[in-house]
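Please treat every number below as a calculation from the coordinates, not as lab data. Just so we're clear, the structure is a prediction, and the values are computed from it rather than from any experiment. So basically every Cβ, Gly included, is an ideal-geometry build from the backbone, and we count neighbours across all protein chains shown.
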Amino acid sequence: MNRHWGKLVTGFLAVSVLGAAGVWAYDSSTDREGAPGMFSASGRLELRAVRPSSGTGGRIVGLSVREGQRIRSGDTLAVLDSRAQTTRLTAARAAAAAAQEAVVSAARQADAVSTRLEQARREAERYRRLLEREAVSRQLAEQAETAVEQLESQLRAARAAEDLARRRADAEAARVRVAEIELDETVIIAPVDGVVSELLLRQGEIAAPGYPIMAIRESGNARLQVYLPLDSAERVQTGDSARVFVDAYPDRSFPGTVETVASEAEFTPRDVHMPDERATLVYEVAIRVEDPSGMLKDGFPADAWIRWDPGTAWPESAPW
């Protein structure tokens, strides 16, 4: 990078397989000599990695993308063999339909008992009035009361059976929803915009449930990780503004925001080649970079200017 705003000392750190940022540089005199209220640092951009998977698993019968392909959220990435899921869904729907029919039948039986109970209660009341006038025997009146008690018991049993049938129907409906989800998960959909960085499985291979099928680097969600010494890091706060520059687009900057500032110091990562840099205690600062157009790529070298003093205006153009 041929950019100077104060004196920069640049070290190099390779990007690890975990995607950690590399190549950091910082000059503690920058804010005093070249840009009051700001600090500079360098690193490599890291795009968030997304690894789509299927919750149901199965053999991959269709793979719609290739490595390096740019994709949009909602695109179909892969299709799994869905025969087993289709069979389970068909069986679940049949069981749910039968369970719903059982609910209807149980409800009808309970309603029929309820109707008979109302009739028995009216009959028992009529016998009580006749007994008061001594128009019927006590035995007939007691038989009418017994009939009411028996029908009340039958109604409780019928309502319990109806309630049980409804719970079974609810359980079968839940199984249908699970089967539908499992069938839906045989089609892997892109959750974000981005670029397919790696295919972890190929067509014809079996994807285990939850095992990622590919890796996607999400566009528009870049992160830059830099390191600052204590006297600089203590002035930087979460939410501070930043401007990020990359060699690929020398005539523009990308706005950023300080996302995190480490609370504990660490030695400069050992992959930095300069011994004096490795021996320096620094604080990790993560910057979220705005890139709605998806112009930035994973691993781009980048320079960042962090504005720790909100009263400092950004220059109209970078002085390099």
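Quick one: dipole size for segment 86-218, taken about the Cα centre, charges +1 on Lys/Arg Cβ and -1 on Asp/Glu Cβ, in debye to the nearest 20.
560 debye
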Completion exercise
For Ser219, the residues 5 or more places away or on another chain with a placed amide H closer than 5 Å to its own amide H are Asp193, Gly194, Val195
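With the cut-off at 1.5 for a/c, could you classify segment 83-184 from its C-alpha gyration tensor as rounded, prolate or oblate? Please report the intermediate quantities before stating the final value.
Working: a/c = 6.67, a/b = 6.02, b/c = 1.11.
Prolate.
Which loop-located GluC sites (Glu not before Pro) does segment 90-141 contain, where loop means any DSSP state but H, G, I, E or B and the Cβ has at most 15 other Cβ atoms within 10 Å? Don't skip to the answer; put the middle values down first.
Values: sites: Glu101, Glu118, Glu123, Glu125, Glu132, Glu134; in loops: Glu134.
Of the GluC sites (Glu not before Pro), the ones in loops of segment 90-141 whose Cβ has at most 15 other Cβ atoms within 10 Å are Glu134.
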Practice task
Determine ³J(HN,Hα), in whole Hz, for all residues of segment 142-150 in sequence, where each value follows from phi through the Karplus function 6.51 cos²θ - 1.76 cosθ + 1.60 and θ = phi - 60°; x replaces Gly and Pro.
Solution key: 5, 4, 5, 5, 4, 4, 4, 4, 5
Problem - Derived scalar couplings ³J(HN,Hα) [segment 250-261; Karplus, 6.51 cos²θ - 1.76 cosθ + 1.60; whole Hz; x for Gly, Pro] - result: x, 9, 9, 10, 10, x, x, 9, 5, 8, 9, 10
Fill in the blank from the handout: In terms of the charge dipole of segment 83-184, which places +1 on Lys and Arg and -1 on Asp and Glu at the beta carbon, the residue among Thr87, Val148, Ala102 farthest towards the positive end is Thr87
Practice task
Mind checking the full-extension length gain between Ala313 and Ala265? Use 0.36 nm per residue of separation minus the Cα-Cα distance, one decimal, nm.
Solution key: 14.3 nm
Practice task
List, in order, the whole-Hz ³J(HN,Hα) value for each residue of segment 70-75 obtained from phi through the Karplus relation with A = 6.51, B = -1.76, C = 1.60 and θ = phi - 60°; use x for Gly and Pro.
Solution key: 7, 10, 10, 4, x, 5
Problem - Global size of segment 162-305 as Cα Rg and Dmax, reported in angstrom - result: 23.6, 80
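Go through 153-161, 74-82, 217-225, 137-145 and give me the packing order, highest mean Cβ count within 10 Å leading. Each step should come with its number before you reach the end.
Working: 153-161: 15.6, 74-82: 17.6, 217-225: 21.9, 137-145: 13.8.
With the highest mean Cβ count within 10 Å placed first, the list reads 217-225, 74-82, 153-161, 137-145.
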Fill in the blank from the handout: Residues whose built amide H sits under 5 Å from the amide H of Ile189, excluding neighbours closer than 5 in sequence, are Leu77
Fill in the blank from the handout: For Gln69, other-chain or 5+-apart residues with amide H closer than 5 Å (H placed, Pro excluded) are Val196
